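Following: one structure in structure tokens, then a few remarks.
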Amino acid sequence: MRLFIYLISLAAVFTLPGLSQPGSIVLPLASAVAETNTQSMTRADIQANNQPAEQPTYAPPTIEWLSALALVLAGGALLWGGSHYVRQQQWQRIEFLRQAVKEFEQEPDIYNALKILDFEEYRDYAFPTSAQDRERPHDIAQDTHYNKYPQSTTFRVSDELLCRALDTHDQRSQRKKQLESLQMRIEKDPAALAEYQTALWQYRVETVLRDWFNKMLNGLEHFGYFIESGLFTAKELQPWLNYWIKLIGDPAYRRPGASSFYDALYSYIHHSGFFGVQKLFERFGYRILPSPYKGNDLVDIEPIPTGYSTRLALTLAKSSYLAYQDKQFVAEVIGRWGAALHNPEIRRQLAQPNQNTESMTQKKLEPWSEQAKNDMIRHNFCYFDKADRDTQAYMFRTDQFMVLAFRGSQEPKDWLTNFTTRLRNFTIRKDGVTAISSYRKGRVHTGFFLAWAIIEEPVLAEIQRWTKELAQAGKLLPPLYITGHSLGGALATIAAAALIDNGIRVEGVYTFGQPRVGDRTFITQLNANTGGKVFRFVNNNDIVPHVPPPFSIWNPMRLYGHVGTVKYFDAKGKIMAKYKLTARLTDATVGLVKGIFGAGFNLISDHRMEYYISHLDDALQEETKDYAAQMLEVGSKQPVEQ
């Protein structure tokens with residue numbers, strides 16, 4: 001900086017009017033130098049020089065040149081100072097974010113909530129003694145029996161306790177009324193004291209947990225406000241919040257066995273009005289859905305001879321999404337679906353309007369309905385888990401149909417399966433041995449084939465067991481629907497080909513964001529065998545349906561292809577009525593631009609199963625409204641009887 005100041009000063013000296021004349025500084029200085037040199041010369045030198053030496057001339061810099069130099073130097077100094085200021089501002093913004101995130105993570109209640117999200121085993125937490133008297137409900141604070149109860153100072157957190165803590169406001173109100181009823185019984189029945197003490201302590205612990213998560217979600221909403229106000233961008237916030245965003249929004253980052261808790265947490269975010277949290281996660285490519293599972297999901301589903309049904313597609317999309325959850329949670333949802341299907345009273349209870357925001361698995365069932373749920377799990381449900389190829393799937397049956405659902409890509413082994421792009425002959429298991437399939441000339445993706453082959457025999461064995469049970473009762477095996485998302489969609493397609501070759505009636509295949517599975521020969525024959533009952537959903541710029549590439553590296557003449565009828569969701573989440581390549585390319589460009597200026601690069605986020613469920617739910621609601629409008633129109637045209 002000092003060098004810049006010195007050079008600017010020097011340039012200014014030369015550009016001053018009084019000092020820039022030729023005789024003012026430059027010529028006197030040149031004369032003095034010449035005189036000194038003359039005095040130092042010897043007489044011989046003077047005599048040797050017969051001709052008088054020419055006087056040296058010095059051309060001073062022009063005013064224009066010096067002015068330009070001054071401007072350049074001043075501009076350089078200005079740029080340096082500006083860049084230094086910008087860096088200082090960036091460091092201040094980073095420091096502000098660092099401090100904001102630090103305060104968020106270190107706030108005691110929020111820290112406990114974050115630790116609950118991150119822990120891998122049950123832990124004990126200290127009860128906030130100083131806050132309990134301040135935060136407990138008024139009627140409990142006035143309870144004359146309160147001080148008689150020995151209260152513990154710690155409590156152990158479990159997923160069941162967390163789900164109760166995140167119940168809806170209506171469920172919490174019902175629990176509060178139960179406490180009041182117990183309190184009134186104490187005077188008449190001293191034996192109710194212990195029950196009341198336990199229920200009161202449970203309620204207070206749930207309240208503490210609820211407060212912790214409220215503070216955490218409020219803190220996340222504040223970071224969302226940073227983006228909405230333009231103070232920071234999502235890209236600037238990402239390094240600081242990325243871990244917690246993924247821990248909440250990405251199923252791959254969940255701790256094992258926590259599916260029921262996350263189902264309850266997502267529902268709580270919706271029914272408690274944390275819209276800022278939902279928007280924040282949208283900006284990072286995650287959609288927070290309330291629990292999608294409803295008690296009547298299977299009630300109105302029947303085999304459709306004509307093929308496609310949006311209602312069926314939504315139920316199978318939920319089944320595909322359910323495949324990502326842990327086995328215990330899958331069994332719980334399937335059991336409740338079965339209980340609702342076989343018992344009209346449960347069907348009525350579980351099909352209430354608040355199912356849109358309330359977790360179905362949090363509802364308490366009566367003993368007789370609990371037994372129906374257990375019977376469904378024990379006799380009509382089977383879970384498949386093969387660690388060798390990391391393949392997971394489940395299958396269940398009702399009197400009307402069966403469903404086989406595959407889990408998609410989640411672990412590194414799954415992506416190794418996706419990228420094993422070599423083609424191979426398609427074989428099947430039949431009568432306990434490997435046999436040549438009817439697809440003699442067709443070839444399939446090696447990785448997908450091996451992932452299916454490892455569970456092919458257990459699936460066939462379970463179907464055969466069900467077939468024998470039904471035969472003894474004089475019934476036939478109901479038709480089968482197969483579904484899956486991502487890698488699961490590819491496995492569903494290959495499973496359909498194998499099971500059809502084994503004589504099993506496959507009524508339909510619904511896949512979501514699936515990759516290509518085989519060559520053109522295999523695809524053509526499978527389309528013929530399924531009779532147009534394969535429906536492949538693609539969400540806007542989802543990149544997975546574009547892999548593997550259409551041709552094999554080892555054999556460019558053998559092309560990969562897609563199976564079935566495509567159902568394409570456009571950039572607005574609507575099913576494109578007339579699917580054409582040009583229209584899709586235009587819409588994909590719109591979606592890409594929208595993603596760049598909105599939530600971000602959407603080639604990956606469009607692949608998430610939550611978007612498929614959300615779009616199908618909107619499509620079903622729109623169909624329902626259109627049908628109701630048509631019925632009203634038909635009714636209005638009917639002649640009125642006099």
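The values are calculated or read from the model by the stated rules, or taken from the named source; none is laboratory data. All of these numbers come straight from a predicted model, not from anything done at the bench. As a convention, Cβ positions derive from the backbone with ideal geometry for all residues, glycine included, and neighbour counts pool all protein chains shown. For the accessible areas, the whole protein counts, side chains as well, though only heavy atoms, and no ligand, DNA or RNA atoms are used. Shrake-Rupley method; radii C 1.70, N 1.55, O 1.52, S 1.80 Å.
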Inset, instruction - For I543, indicate whether it is under 22 Å from A323 (Cα atoms), surrounded by fewer than 20 Cβ atoms within 10 Å (Cβ to Cβ), among the aliphatic types (A, V, I, L, M) and touching a helix residue (DSSP H, G or I) at 6+ places or on another chain (Cβ under 6 Å). - result: yes
Inset, instruction - Would you check if F535 is open to solvent by 10 Å² or more (accessible area, probe 1.4 Å), within 17 Å of A313 (Cα to Cα), of a type outside the set (S, T, Y) and more than 21 Å from the chain's Cα centre (by Cα)? - result: yes
Inset, instruction - Within the stretch 475-493, count every residue that is polar (S, T, N, Q) and either out of contact with any Leu (no Cβ under 6 Å at 6 or more places or on another chain) or surrounded by fewer than 17 Cβ atoms within 10 Å (Cβ to Cβ) (or both). - result: 2
Legend entry - Among the residues listed as A528, A496, the single one being out of contact with any strand residue (DSSP E or B) (no Cβ under 7 Å at 6 or more places or on another chain), closer than 18 Å to G561 by Cβ and small (G, A, S): A528
Legend entry - Leading residue by the ranking (farthest from I523 (Cα to Cα)) among those in the stretch 434-474 that are open to solvent by less than 60 Å² (accessible area, probe 1.4 Å) and more than 40 Å from the chain's Cα centre (by Cα): L470
Legend entry - Pairs where the first residue, in the stretch 444-456, is closer than 16 Å to L559 by Cα and the second is of a type in the set (G, A, S) and buried (at least 20 other Cβ atoms within 10 Å of the Cβ), C-beta under 9 Å, 6+ apart: V444/A497; V444/G518; H445/A490; H445/G518
Legend entry - Residues within the stretch 73-106 that are open to solvent by less than 100 Å² (accessible area, probe 1.4 Å) and either more than 46 Å from the chain's Cα centre (by Cα) or aliphatic (A, V, I, L, M) (or both), tallied: 10
Inset, instruction - From D385, D375, grab the single residue that is modelled with pLDDT under 85 and either surrounded by fewer than 23 Cβ atoms within 10 Å (Cβ to Cβ) or touching a Cys at 6+ places or on another chain (Cβ under 8 Å) (or both). - result: D375
Legend entry - Scan of the stretch 494-521 for residues that are among the small types (G, A, S), under 20 Å from R429 (Cα atoms) and either touching a helix residue (DSSP H, G or I) at 6+ places or on another chain (Cβ under 7 Å) or surrounded by 15 or more Cβ atoms within 10 Å (Cβ to Cβ) (or both), ordered by number: A495, A496, A497, A498, G518
Inset, instruction - Mind counting the residues in the stretch 604-630 that are hydrophobic (A, V, I, L, M, F, W, C), over 16 Å from K567 (Cα atoms) and open to solvent by less than 70 Å² (accessible area, probe 1.4 Å)? - result: 2
Inset, instruction - State whether the residues of the stretch 404-411 include one that is at pLDDT below 90, surrounded by fewer than 18 Cβ atoms within 10 Å (Cβ to Cβ) and at positive phi. - result: no
Legend entry - Test set (1) within 19 Å of G338 (Cα to Cα); (2) modelled with pLDDT of 90 or more - G276 fails condition number: (1)
Inset, instruction - Would you confirm whether any residue within the stretch 475-483 is outside any loop (DSSP other than H, G, I, E, B), within 37 Å of the chain's Cα centre (by Cα) and more than 18 Å from M402 (Cα to Cα)? - result: no
Inset, instruction - Output the qualifying pairs, or none if there are none: Cβ atoms under 7 angstrom, residues six or more apart or on different chains, first residue in the stretch 425-442 and within 10 Å of A498 (Cα to Cα), second residue open to solvent by 50 Å² or more (accessible area, probe 1.4 Å) and assigned to a strand (DSSP E or B). - result: F426/R443; T427/T434; T427/I436
Legend entry - First in the stretch 244-257 and under 15 Å from A113 (Cα atoms) and without any contact (Cβ under 8 Å) to a residue 60 or more places away in the chain, second anywhere and open to solvent by 40 Å² or more (accessible area, probe 1.4 Å) and in a loop (DSSP other than H, G, I, E, B), Cβ under 6 Å, 6 or more apart: none
Inset, instruction - Within the stretch 580-599, identify whether any single residue is farther than 29 Å from S309 by Cβ, surrounded by 18 or more Cβ atoms within 10 Å (Cβ to Cβ) and modelled with pLDDT under 90, and answer yes or no. - result: yes
